[in-house]
Amino acid sequence: MPAPSVTRLTTDLPVDTSPIVCTPAAGTDLDDIWRAVIPETRARSNDVHLPISLAYAERLCAVHPEADALVVRVAILLHDTGWGRVDEARIFAEGFSGDWRKAQIRFEHERQGCLIAREVLPPLGYDDEFVERVVAIIDGHDTRPDSRSLEDSLVRDADRLWRFDHAGIAVAAGWFGLDPAAYADRLEVEILPELLTEAAHTMAVADLARSRALLKTGVLR
Ligand SMILES: [Fe+2]
Ligand SMILES: [Fe+2]
């Protein structure tokens, strides 16, 4: 396994490494936000990615109680909604090939996501200061290399963690034109070292082992 590229944040609290399906996102307090972005959830499998990532974000918040959990939860819910307002054909033509992290379409989905947050949150009673904290995380979540706060780090990890679940592998392998075994290998080499918290790393290792066994990636390669 490659050496970690970052010093990960640690926690003294026990980390839940059970399959994410065991702990869906709790509560209904964000349901009005979900309803406001239903059209945007239909793009790029956001209706799978966003709820699963929210569940991971809540697990991370549970072991990092010093984080503002509401900021983390709302930011992860909205972070990729901007994909719903960019040209769908360009998502796959530019967003997943070549230097995909720097593709113009990525900057555009971040920009649109910020606009969506500013559009949907104030009518639901979220104040300007809260909205700007959410926007600061959405802006650059894919293209900015550094995390700027604990909440930013938890969103970044939740955004990556869903891919280690078998549902994430099923969806994201197709985006990159890879088979599940090759995609699982890429997760281990490229994404695992990027995780910023020890809790996320522990969950990802457990998920990846389960997903590889389930998908028989040792044989189907
Ligand atoms: Fe994104
Ligand atoms: Fe995402």
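The values are calculated or read from the model by the stated rules, or taken from the named source; none is laboratory data. Because the structure is a prediction, the values reported are computed rather than measured. Here Cβ is always computed from backbone atoms with ideal geometry, including for glycine, and neighbour counts include all displayed protein chains.
What number of residues within region 39-59 satisfy the criterion of being surrounded by fewer than 16 Cβ atoms within 10 Å (Cβ to Cβ) and basic (Lys, Arg)?
Adding up the residues that qualify gives 1.
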Filter region 140-153 down to residues that are under 16 Å from residue 111 (Cα atoms) and touching a residue at least 24 places away in the same chain (Cβ under 8 Å) and give me whichever is surrounded by the most Cβ atoms within 10 Å (Cβ to Cβ). 141
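Considering only region 154-170, state which residues are of a type in the set (Val, Ile, Thr) and within 14 Å of ligand 1 (Cβ to nearest atom). So that I can check it myself, show each step before the final result.
Pass one, region 154-170, residues of a type in the set (Val, Ile, Thr): 155, 169.
Listed by number, the list holds a single entry, 155.
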Selection over region 179-195 where residues are part of a helix (DSSP H, G or I) and touching a residue at least 60 places away in the same chain (Cβ under 8 Å) yields a count of 5
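Okay, residues lined up against (1) among the hydroxyl-bearing types (Ser, Thr, Tyr); (2) out of contact with any helix residue (DSSP H, G or I) (no Cβ under 6 Å at 6 or more places or on another chain); (3) within 16 Å of ligand 1 (Cβ to nearest atom):
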position	(1), (2), (3)
28	yes, yes, no
44	no, no, yes
55	no, no, no
83	no, no, yes
Say whether the condition of being surrounded by fewer than 16 Cβ atoms within 10 Å (Cβ to Cβ), without any contact (Cβ under 8 Å) to a residue 40 or more places away in the chain and outside any helix (DSSP H, G or I) is met by at least one residue in region 113-125. yes
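Check 76, 169, 137 and return the single one that is buried (at least 24 other Cβ atoms within 10 Å of the Cβ), touching a Pro at 6+ places or on another chain (Cβ under 6 Å) and in a helix (DSSP H, G or I).
Values: 76 fails: touching a Pro at 6+ places or on another chain (Cβ under 6 Å); 137 fails: touching a Pro at 6+ places or on another chain (Cβ under 6 Å).
Just a single option satisfies the conditions, and that option is 169.
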Kindly check whether there is at least one residue in region 139-150 that is out of contact with any strand residue (DSSP E or B) (no Cβ under 6 Å at 6 or more places or on another chain) and on the phi > 0 side of the Ramachandran plot. yes
Here is a list of conditions, (1) in contact (Cβ under 8 Å) with a residue 60 or more places away in the chain; (2) crowded, with 18+ Cβ neighbours inside 10 Å; (3) over 27 Å from residue 210 (Cβ atoms), and residue 36 meets all of them except one; can you say which number that is? (2)
Restricting to region 93-111, and then to whatever is surrounded by 15 or more Cβ atoms within 10 Å (Cβ to Cβ) and at pLDDT below 80, can you tell me which residue is farthest from ligand 2 (Cβ to nearest atom)? 94
Being farther than 27 Å from residue 26 by Cβ and more than 16 Å from ligand 2 (Cβ to nearest atom) narrows it down to one residue among 115, 121; which is it? 115
In region 33-73, residue farthest from ligand 2 (Cβ to nearest atom) [restricted to those that are of a type in the set (Asp, Glu) and outside any loop (DSSP other than H, G, I, E, B)]: 58
